[in-house]
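The values are calculated or read from the model by the stated rules, or taken from the named source; none is laboratory data. Since we're looking at a predicted model, the values are computed, not measured. Here the Cβ is made from the backbone with ideal geometry for all residues, glycine too, and neighbour counts use every protein chain on show.
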There are 2 protein chains.
Amino acid sequence: MKGYEELFSYFEENLKQQAFDNKPSELYAPIQYTLGLGGKRIRPILTLMACELFGGEIEKALPQAIAIELFHNFTLIHDDIMDNAPLRRGEVTVYKKWNSNIAILSGDTLFALAYQYVQKADTNILPVTLNVFNKTAIEVCEGQQFDLNFETKNNLSVDQYIEMIKLKTAVLFAASLKIGALIGGASFNDAEKLYDFGLNLGLGFQLKDDFLDTYGDEHIFGKKTGSDILANKKTFLYLKALEIADKETRKRLINYFNSKEGGIEKFNEVKAIFTRLKVDRLALEKIEEYRKIGLSSLDKINLLPEKKEKLFAISSLMIERDK
Amino acid sequence: MKGYEELFSYFEENLKQQAFDNKPSELYAPIQYTLGLGGKRIRPILTLMACELFGGEIEKALPQAIAIELFHNFTLIHDDIMDNAPLRRGEVTVYKKWNSNIAILSGDTLFALAYQYVQKADTNILPVTLNVFNKTAIEVCEGQQFDLNFETKNNLSVDQYIEMIKLKTAVLFAASLKIGALIGGASFNDAEKLYDFGLNLGLGFQLKDDFLDTYGDEHIFGKKTGSDILANKKTFLYLKALEIADKETRKRLINYFNSKEGGIEKFNEVKAIFTRLKVDRLALEKIEEYRKIGLSSLDKINLLPEKKEKLFAISSLMIERDK
């Protein structure tokens, strides 16, 4: 069984061999640029790992792993337009480097290219793979729309937030594992258990992201903390704080999040409220809860524990990370 | 064999039965709106016709016909953002009625939904159907990017323009026919001939569109003429005119197309130049040329001529139309 590092090198090498250098170059240069920005490649590695878990050769799952990474990068290109994000992995975003039209269209193309890799699945596995892929793609779009809606919505509950990140983020981790498992020869039942493992890990992953954005160590995290608070993003931390705060604190928080003003001072004060209310600890507990549920699904798969070691390790990587 | 009218009713009725009413409504309302704007539905009808031509039941091709119409509408939603188009089929475009973010995301969702219908193909036909669909989707994106590039590009040739409209418009007509044919049980060879028929008809269709935008009768055409000239769109008419004009006329044309000024006066003067150079006639000849090439491909399919009558009729509808 191969671990994260080995699969990372394997995937990077193979992704680099995909040229994506057709014409017009205005369409393909942003695709090459985005894929070249790197990232942890967790999703495709989950696909490869899941395939190997059930005895499949990783080569067999490679096209689907690439498909998932292309799809993920398509969503990043489009999300960055919608979120007015100037930077992605520390580099200028596509719509800023080129323009919105090119970002829309190169994103669309990347989405279509993803399906060209889905298509490489063996005929017997193609219908179910395509089905998982389509369902997930639609859910990710729905999640992004919920996220956009939340910007102007008040009275959001923590549950609504969890439902949003489930669609926007967690289902893609889950689908990455399920598709890999199916290609590896897993039963539908086992593939579903792995889906559930991925879904819960994905929720934990996103909550950890929220946590690090406020509580991360900038030197380790590798990006500036505080962006969520300064953008008035209604994350788990904020919604949980609203839920448990007294009337006065609640009012102060809402006031902060209704204003576009305030830099480091606002960040520090909101963070202090969060800490006083212990929502940082509540977040870490919630993350641990999701990890436990996820691992219990992994447990239920009838394979020797040592076979599952690498997946166990990647779940720690996703959740215990400081960056 | 069913004709255009009958298949139109059949398709409309079945499209209406697809609810597309999931949550969040911000995502699905624009999809329902766009599909409800109507249109000639030529592409899906070609799919149904091609299926029936080879003895298949039209019901069998319905999911693919819907997939193609969804894909087409996805491209319209995104193109309208890129082209800053305020109106589509006489109604406000999605990005104007809602906003760009919603238009990007509901377009993405429509693209994913299209694949949910592609997926309904029988297992034996799914790989090849998916292959044609993917290839076409990528080509359409490439075509749109070439079209965007042409806005700022000089020294374009008529051939480059034809290559652009082939990708942006013609391949989707061609793929609609090919997919229908394959589902109907056509040999790969016959499906390819039908593809070629659709490709040439598609080229003729787009050139007719260009022609009508300048030479159409507004009352019949149903929309204002002159929009291409006023938007400095480098269509066949303009590029052909540049090719054959004397130096002086060429300079005048280029001046007109470098300026954003000028309303009806500019339109009338440019149109007068076109007419003097007979590019209107040259366009109609070119259209006829494409129709002939297309029909000769249809001819080569080894079926009784009366079987092909309805396809022959739709080719006239696409090319002889005044609206």
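Put simply, of B:Val118, B:Val132 the only residue that is among the β-branched types (Val, Ile, Thr), under 18 Å from B:Leu62 (Cβ atoms) and within 19 Å of the chain's Cα centre (by Cα) is B:Val132. Applying the condition of being crowded, with 18+ Cβ neighbours inside 10 Å, under 27 Å from the mean Cα position of the chain (by Cα) and not basic (Lys, Arg) to region A:238-256 and asking which residue is farthest from A:Lys153 (Cα to Cα) yields A:Ala241. If you take the residues of region A:72-103 that are buried (at least 16 other Cβ atoms within 10 Å of the Cβ), over 25 Å from A:Glu139 (Cβ atoms) and among the hydrophobic types (A, V, I, L, M, F, W, C), which of them is nearest to the other protein chains (Cβ to nearest Cβ)? Top of the filtered list is A:Ile102.
Scanning for something among the acidic types (Asp, Glu) and not in a helix (DSSP H, G or I), does region B:90-100 turn up at least one residue? Checked region B:90-100: at least one residue is among the acidic types (Asp, Glu) and not in a helix (DSSP H, G or I).
Being within 25 Å of the chain's Cα centre (by Cα), outside any helix (DSSP H, G or I) and either exposed (fewer than 14 other Cβ atoms within 10 Å of the Cβ) or without any contact (Cβ under 8 Å) to a residue 12 or more places away in the chain (or both) is a property that does not hold for A:Lys234. One residue alone among A:Ala186, A:Ala181, A:Ala137, A:Ala174 is buried (at least 24 other Cβ atoms within 10 Å of the Cβ) and part of a loop (DSSP other than H, G, I, E, B), and that residue is A:Ala186. Select from region A:119-131 the residues that are surrounded by 21 or more Cβ atoms within 10 Å (Cβ to Cβ) and more than 8 Å from chain B (Cβ to nearest Cβ) and write down the one among them that is nearest to A:Asp210 (Cα to Cα). Among those that are surrounded by 21 or more Cβ atoms within 10 Å (Cβ to Cβ) and more than 8 Å from chain B (Cβ to nearest Cβ), it is A:Thr129. Listed by first and then second residue, the pairs linking a residue in region B:138-151 that is farther than 12 Å from A:Leu113 by Cα to a residue that is of a type in the set (Asp, Glu), with Cβ atoms under 8 Å apart and 6 or more places separating them unless they lie on different chains, are B:Gln144/B:Asp79; B:Gln145/A:Glu26; B:Phe146/B:Glu163; B:Leu148/A:Glu26; B:Asn149/A:Glu26.
Taking the criterion of being in contact with a Ser or Thr (Cβ under 7 Å, 6 or more places away or on another chain), within 30 Å of B:Phe146 (Cβ to Cβ) and among the β-branched types (Val, Ile, Thr), the only residue of region A:25-66 that qualifies is A:Ile31. Residues of region B:192-206 include at least one that is under 20 Å from B:Leu295 (Cα atoms) and over 18 Å from the mean Cα position of the chain (by Cα). Note on region B:293-323: residues that are touching a Lys or Arg at 6+ places or on another chain (Cβ under 6 Å) and at pLDDT below 95 amount to 1. Only one entry in A:Leu212, A:Leu194 is assigned to a helix (DSSP H, G or I), among the hydrophobic types (A, V, I, L, M, F, W, C) and surrounded by fewer than 24 Cβ atoms within 10 Å (Cβ to Cβ), namely A:Leu212.
Given the criteria at pLDDT 95 or above and either in a helix (DSSP H, G or I) or closer than 20 Å to A:Ile138 by Cα (or both), does B:Ala67 qualify? Yes: the conditions hold for B:Ala67. Are any of the residues in region B:16-33 under 24 Å from B:Ala170 (Cβ atoms), of a type in the set (Asp, Glu) and in contact (Cβ under 8 Å) with a residue 40 or more places away in the chain? Within region B:16-33, not a single residue is under 24 Å from B:Ala170 (Cβ atoms), of a type in the set (Asp, Glu) and in contact (Cβ under 8 Å) with a residue 40 or more places away in the chain.
Test A:Phe146 against the criterion of being of a type in the set (Phe, Trp, Tyr) and more than 14 Å from every other protein chain (Cβ to nearest Cβ), and give yes or no. No: the conditions fail for A:Phe146. Candidates are the residues of region A:38-90 that are over 16 Å from the mean Cα position of the chain (by Cα) and small (Gly, Ala, Ser); the one that is farthest from B:Phe111 (Cα to Cα) is A:Gly55. Inside region B:119-142, residues that are touching a Pro at 6+ places or on another chain (Cβ under 8 Å) and either under 19 Å from B:Ala186 (Cα atoms) or among the charged types (D, E, K, R) (or both) make up a count of 5. Residues that are surrounded by fewer than 22 Cβ atoms within 10 Å (Cβ to Cβ) and outside any loop (DSSP other than H, G, I, E, B) were ranked within region A:149-163; the one that is nearest to the other protein chains (Cβ to nearest Cβ) is A:Asn149. Scanning region B:119-133 for residues that are in contact with a Leu (Cβ under 8 Å, 6 or more places away or on another chain) and assigned to a helix (DSSP H, G or I) yields a count of 6.
Annotation note: Cβ proximity below 7 Å between a residue of region B:40-58 that is in contact (Cβ under 8 Å) with a residue 24 or more places away in the chain and a residue that is surrounded by fewer than 24 Cβ atoms within 10 Å (Cβ to Cβ) and of a type in the set (Ser, Thr, Tyr) (sequence gap 6+ or interchain) occurs for B:Ile45/B:Tyr4; B:Ile58/B:Tyr10. For A:Lys23, are the conditions met, namely being among the charged types (D, E, K, R) and away from chain B (no Cβ under 14 Å)? Judged against the criteria, A:Lys23 is not a match. Scanning region B:260-292 for residues that are outside any helix (DSSP H, G or I), under 28 Å from the mean Cα position of the chain (by Cα) and modelled with pLDDT under 95 turns up B:Lys260, B:Gly263.
For the residues A:Thr93, A:Thr109, the requirement of being under 23 Å from A:Pro24 (Cβ atoms) and in contact with a Cys (Cβ under 7 Å, 6 or more places away or on another chain) singles out A:Thr109.
Being facing another protein chain (nearest Cβ under 7 Å), crowded, with 22+ Cβ neighbours inside 10 Å and either not in a helix (DSSP H, G or I) or not charged (D, E, K, R) (or both) is the filter here; which residues of region B:104-118 pass it? Of everything in region B:104-118, those that are facing another protein chain (nearest Cβ under 7 Å), crowded, with 22+ Cβ neighbours inside 10 Å and either not in a helix (DSSP H, G or I) or not charged (D, E, K, R) (or both) turn out to be B:Ile104, B:Leu105, B:Thr109, B:Phe111, B:Ala112, B:Leu113, B:Tyr115. State whether the residues of region A:164-181 include one that is within 14 Å of chain B (Cβ to nearest Cβ) and hydroxyl-bearing (Ser, Thr, Tyr). The answer is no, given that none of the residues of region A:164-181 is within 14 Å of chain B (Cβ to nearest Cβ) and hydroxyl-bearing (Ser, Thr, Tyr).
Consider B:Leu194 carefully, then state whether it is within 23 Å of B:Ile287 (Cα to Cα) and either away from chain A (no Cβ under 14 Å) or hydroxyl-bearing (Ser, Thr, Tyr) (or both). Yes, satisfied. Within this structure, A:Lys286 passes the test of being out of contact with any His (no Cβ under 6 Å at 6 or more places or on another chain), in contact (Cβ under 8 Å) with a residue 24 or more places away in the chain and crowded, with 19+ Cβ neighbours inside 10 Å. In region A:293-323, the residue that is nearest to the chain's Cα centre (by Cα) out of those that are basic (Lys, Arg) and in a helix (DSSP H, G or I) is A:Lys310.
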